[in-house]
Number of protein chains: 2
Amino acid sequence: MTPTDTTRNSAPRGARPRRADAERSQARILEAALDALASDPDVNMAEIARRAGLVRATIYVHFPTRESLMEAVTERAIAEVAQAMAAAEPERGDPAEALQRVLTTGWRELGRFHALVGINARQPQAELRRRHRPVFAFLQPLIERGQHTGAFRSDVPVAWHMAMLLAIVHTASGELHANRVPTDAIEPALVATVLGALGARPE
Amino acid sequence: MTPTDTTRNSAPRGARPRRADAERSQARILEAALDALASDPDVNMAEIARRAGLVRATIYVHFPTRESLMEAVTERAIAEVAQAMAAAEPERGDPAEALQRVLTTGWRELGRFHALVGINARQPQAELRRRHRPVFAFLQPLIERGQHTGAFRSDVPVAWHMAMLLAIVHTASGELHANRVPTDAIEPALVATVLGALGARPE
DNA sequence: ACTAAATCGGACACAGACGTCCAACATAGA
DNA sequence: TCTATGTTGGACGTCTGTGTCCGATTTAGT
């Protein structure tokens, strides 16, 4: 649950808190990893270190293993997106409208993390799902609500809707990243496709 | 363009044709690779050889490099799916109906290649697109036709629709593979979601 | 100014995978 | 039956990347 024992800042348990530069380093590593992963989901630690302006060994001070770093990166990103979505009040108003609201909010936040797509792609499905739990957490109730009111099609499982929604969003991110669709055309297209996919009645 | 110089069967250029066992070996390798990739998109050559009941070195007789093998596998799979779809006459009848027809046909054929998903996932986007050209080739005209007749929403680029369709199909394959949705519920769900995503008017 | 915490830099061992090579054996096909 | 074509088994070199270690040096914080 806890990110890693590297986040022992919030728990200055007896000992003195971490030094400010350590804090900074860790932040730069996460930042660099995010950057690097955007262009190549298989970047090695050396490259990440280079981008962070640090030495490879230093990374291991903060993250015991490559995997733990990856986890930290994605966890953080997903958490931030989830938080943004939560702030968009998924429980308020008409389901379709609410979904649109939450979706666009999440999408904009996601813009900060082109990387996500790349990393996600090469993750075992189960892992991927586990990671996205924070997002599912309040997307699922919203979809269920919509199914009840008849706003979304209810002849398919919620899980199906969730998976499709996620896939569509990720693909959209990919299209954006590949510059294959005019940037400002994406958001409306995304909304239209998602609502359509969930079988939203046009009001 | 040509798969590899390993397919020199169709061109018995002066020399005598390949021996039957060589033919068989190559087939078994492709088969094994497909299998193996289904469970782990990063299988190593040793494992593929093991499954094929051959020795690692033998693979290199038929495929000069790992990459070439991967290419051969995906190319073949996609070609077969594409062919099946083509046989479903995408140009005939009402666009939405035609799409449904082509889609389910392709989907069933795809069932033989669970692997595709895994491999695709960790491929650079551009490569992925290039590979899927055979599929796009006659899916695109169909979608365009639908946009003209108003069957599909035309306020988004065709490329967008294509990308979404592909993503949805792949995700469905993933759901199937993960046993997360009852098998026989998938096909109708897939059709519904795709048609919805493309904004198909319910006739 | 002093000390403990961090970073540096570079070396190291280790592991997994690829691709090559070759002598011995097996087999298809004429 | 004879021979070219394939396959075997195993060894080998190479490369890439991970994770560890440690002495030397810098820096934060009191």
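Bear in mind these aren't lab numbers, they're just calculated from the coordinates by the rules spelled out. The shown structure was predicted, so the numbers you read here are calculated from the model rather than taken from an experiment. Positions of Cβ are generated from backbone atoms using ideal geometry, with glycine treated the same way; all protein chains shown enter the neighbour counts.
When residue A:182 is represented by a point 7 angstrom out along its Cα-to-C-beta vector, the spacings to that point in the other copies are 4.6 nm, nearest first. Per the Cα gyration tensor, region A:20-64 maps to an equivalent ellipsoid with semi-axes of 17, 11, 8 Å, ordered largest to smallest. Ascending distances from the residue A:91 label point to its copies in the other chains, with the point 7 Å along the Cα-to-beta-carbon line: 5.6 nm.
Computed from backbone phi with θ = phi - 60° and the Karplus coefficients 6.51, -1.76 and 1.60, the 3J(HN,Hα) list for region A:143-148 is 5, 4, 4, x, 5, 5 Hz; x is used for glycine and proline. Highest mobility in the GNM of chain A, judged by mean-square fluctuation with C-alpha springs under 10 Å and restricted to A:124, A:95, A:188, is found for A:124. Shortest first, residue B:42 label-point distances to identical copies amount to 0.9 nm, with the label point at 7 Å from Cα along Cα→Cβ. By the helix-only formula, in which each DSSP H run with n ≥ 4 contributes -39500 (n - 2.57) and the sum is divided by residues, the protein assembly as shown has a 222 nm mean residue ellipticity of -22000 deg cm²/dmol.
The C-alpha radius of gyration of region A:68-197, expressed as a fraction of 2.2 N^0.38 Å, stands at 1.01.
Pairing the Cα long axis of helix A:66-87 with the longest principal axis of chain A, what angle in degrees results, from 0 to 90 and rounded to the nearest 10? It works out to around 40 degrees.
Within 10 Å of the Cβ of each residue in A:155-162, the mean number of Cβ atoms contributed by other protein chains is 4. Please check: in the Gaussian network model of chain B (C-alpha springs, under 10 Å), which one of B:111, B:93, B:146 has the largest mean-square fluctuation. Comparing B:111, B:93, B:146 in a Gaussian network model of chain B, the most mobile one is B:93. Kirkwood hydrodynamic radius of the protein assembly as shown, from the reciprocal of the average inverse Cα-Cα distance over all distinct pairs: 23.3 Å.
Taking other C-beta atoms within 10 angstrom as a stand-in for reagent exposure, A:63, B:113 fall in the order B:113, A:63, fewest first. With respect to chain A, whose longest principal axis is taken over its alpha-carbon atoms, helix A:20-39 is tilted by about 50°.
Give me the distance between the Cα centres of region A:71-102 and region B:135-190, rounded to whole Å. Spelled out, the Cα-based centre of one part sits 25 Å from the other. If you fit an axis through the alpha-carbon atoms of helix A:95-110 and take the longest principal axis of the Cα set of chain A, what angle between them do you get, 0 to 90°, nearest 10? For helix A:95-110, the angle is close to 30 degrees.
Give me a single rounded figure for A:181-187: the average over its residues of other chain Cβ atoms within 10 Å of their Cβ. The per-residue average across the peptide is 2. Per-residue mean of foreign Cβ neighbours for B:125-132 is 2 (Cβ atoms of other chains, 10 Å radius).
By the equivalent-ellipsoid construction on the alpha carbon gyration tensor, region B:129-203 comes out with semi-axes of 23, 16, 9 Å, ordered largest to smallest.
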